[in-house]
Amino acid sequence: MRIFDPHIHMTSRTTDDYRAMYDSGVRALVEPSFWLGQPRTSPESFFDYFDALLGWEPFRAAQYGIAHHCTLALNPKEANDPRCTPVLDELPRYLVKDGVVAVGEIGYDSMTPAEDTALAAQLQLAADHGLPALVHTPHRDKLSGLRRTIDVVRESALAPDRVLLDHLNETTVKDAAESGSWLGFSIYPDTKMDEDRMVAVLKEHGTEKVLVNSAADWGNSDPLKTRKVGDAMLAAGFGADDVDQVLWRNPVAFYGLSGRLQLDVPEPEALHEGNSILRGGE
Ligand SMILES: [Zn+2]
């Protein structure tokens, strides 16, 4: 089973996770920039983080045979902090870089006016740079949040079929599908979607334009959830081709809209800016 995890925060994960993901079939992933939990106090800490997603993390992934790409943005939560919003002015110089395959994750957290501004501005940036957008839908008030998100996308310069609406569930999949966007589902260990609920959605809705991700991060999460969904699909009677469509071809098609996907894993470099994962040891 070949797997592309279209949303996982490897910065927060260990090399054991990389090894286990490879052993489960993961050969490619996209790491969206996100909120790190600890509030950032200046744009500069975003820039170091963006550089890590373009440098150190692809270096680390390559050591384990996995192709790494990223999406960059001012995340919805920190869009509310005026210390962080100047990031928007500097994003254009990052969005031209080869490893960036979308603008994201953007969207709504608490649906504030500041989030409106950041979402609209970043959909425009995606359109300007020929990139698709990864749009997070809120964890609270899911359906109203999704509908407002769809309205903002419709008013933007970015076509709905260049948008991936993420963190969907049974209550939001119908509206999301009707909008013409790609459909993302984050599978978590004990909250929100699990693999059995995901299989039920796939039975009802089909596999077209559906992407499944682990969204694994610094919280309770599981970087092998993509594989577990593939196994659950097979156990429920889906064929290997259906699994391949959801876990590989759909994410390749969506992020391929950037024209920047490089699925051949590069020969691992010995060092990144003079450093290795051996912490200086030989
Ligand atoms: Zn995320």
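Do we have residue 102 as in contact with a Phe, Trp or Tyr (Cβ under 9 Å, 6 or more places away or on another chain), of a type in the set (Gly, Ala, Ser) and assigned to a strand (DSSP E or B) here? Quick ask: steps written out before the conclusion?
Numbers: in contact with a Phe, Trp or Tyr (Cβ under 9 Å, 6 or more places away or on another chain): yes; of a type in the set (Gly, Ala, Ser): yes; assigned to a strand (DSSP E or B): yes.
Answer is yes for this residue.
Can you name every residue in segment 105-122 that is assigned to a helix (DSSP H, G or I) and either closer than 22 Å to residue 29 by Cβ or in contact (Cβ under 8 Å) with a residue 40 or more places away in the chain (or both)? Within segment 105-122, 118, 119, 122 meet the criteria. Mind checking whether some residue in segment 110-119 is farther than 21 Å from residue 86 by Cβ and away from the ligand (no atom under 16 Å from the Cβ)? Yes: segment 110-119 contains one or more residues that are farther than 21 Å from residue 86 by Cβ and away from the ligand (no atom under 16 Å from the Cβ). Residue 14 meets all of the listed conditions (1) surrounded by 18 or more Cβ atoms within 10 Å (Cβ to Cβ); (2) free of Cβ contacts under 8 Å to residues at least 40 places away in the same chain; (3) under 26 Å from residue 264 (Cβ atoms) but one, namely (1). The set of residues in segment 184-209 that are within 16 Å of the ligand (Cβ to nearest atom), modelled with pLDDT of 95 or more and among the hydrophobic types (A, V, I, L, M, F, W, C) comprises 185, 187. Residue count for segment 81-99 satisfying the condition of being of a type outside the set (A, V, I, L, M, F, W, C) and part of a loop (DSSP other than H, G, I, E, B): 8. The set of residues in segment 119-129 being out of contact with any strand residue (DSSP E or B) (no Cβ under 8 Å at 6 or more places or on another chain) and either over 14 Å from residue 161 (Cβ atoms) or among the charged types (D, E, K, R) (or both) consists of 120, 121, 124, 128.
The values are calculated or read from the model by the stated rules, or taken from the named source; none is laboratory data. Everything numeric in this text was worked out from a predicted model, so none of it was measured. Counting neighbours? That spans all protein chains shown, and the Cβs are built from the backbone with ideal geometry, glycine included.
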